[in-house]
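> Submitted below is the structure of interest, expressed as structure tokens.
The values are calculated or read from the model by the stated rules, or taken from the named source; none is laboratory data. Keep in mind that this is a model prediction, so the values were computed, not measured. As a convention, Cβ positions derive from the backbone with ideal geometry for all residues, glycine included, and neighbour counts pool all protein chains shown.
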Amino acid sequence: MENQPSGMAMGAFGIVYIAFIALIIVSMWKVFVKAGKPGWAAIIPIYNLIVLLEIVGRPLWWIVGLIIPFVNFIVLVILSLDLAKSFGKSTAFGIGLLFLGFIFYPILAFGDAVYQGPSAQQSNKLVS
């Protein structure tokens, strides 16, 4: 008989996986609420990206950049950095949001971070 995972091991993995996904959803929900947006938007595909663009102050047409392969990674880097700045966090925190979102989104959601407004619009005001 081959080494196959038992049903119990698969069940335990499934429970951990569901808890992990729930943590991410709850964290995004809370981040959206902190930013004055509806929390339920976090669970609607594509719409959650549109709301995220509003939170960070990027134009709606950036959704196209999220569809294009390789460009989407650049856009996600910028959005992560903008989200961190929108909550008064550092660039390093933004990189954490990008690569370790399952750790940094709960920190952003349940920590003392306060939404300070869309960071992309603030930096555009400084330029003009």
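> Just the residues that are without any contact (Cβ under 8 Å) to a residue 12 or more places away in the chain, under 14 Å from residue 115 (Cα atoms) and crowded, with 17+ Cβ neighbours inside 10 Å, please, taken from the range 18-57.
If the condition is that a residue be without any contact (Cβ under 8 Å) to a residue 12 or more places away in the chain, under 14 Å from residue 115 (Cα atoms) and crowded, with 17+ Cβ neighbours inside 10 Å, then no residue fits.
> If you check residue 123 against the conditions, is it assigned to a helix (DSSP H, G or I), at pLDDT below 95, surrounded by 12 or more Cβ atoms within 10 Å (Cβ to Cβ) and among the hydroxyl-bearing types (Ser, Thr, Tyr)?
Here the answer is yes, as residue 123 does meet what is asked.
> Please identify the pairs in which a residue from the range 73-98 that is closer than 20 Å to residue 112 by Cβ has its Cβ atom under 8 Å from the Cβ atom of a residue that is of a type in the set (Phe, Trp, Tyr), counting only partners at least 6 apart or on another chain.
Listed by first residue and then by second, the contacts come to 84/93; 86/115; 87/115; 93/104; 96/104; 97/104; 97/105.
> Still on this model: Filter the range 39-56 down to the residues that are at pLDDT 95 or above and either of a type in the set (Val, Ile, Thr) or in contact with a Pro (Cβ under 9 Å, 6 or more places away or on another chain) (or both), then identify the one that is nearest to residue 26 (Cα to Cα).
43
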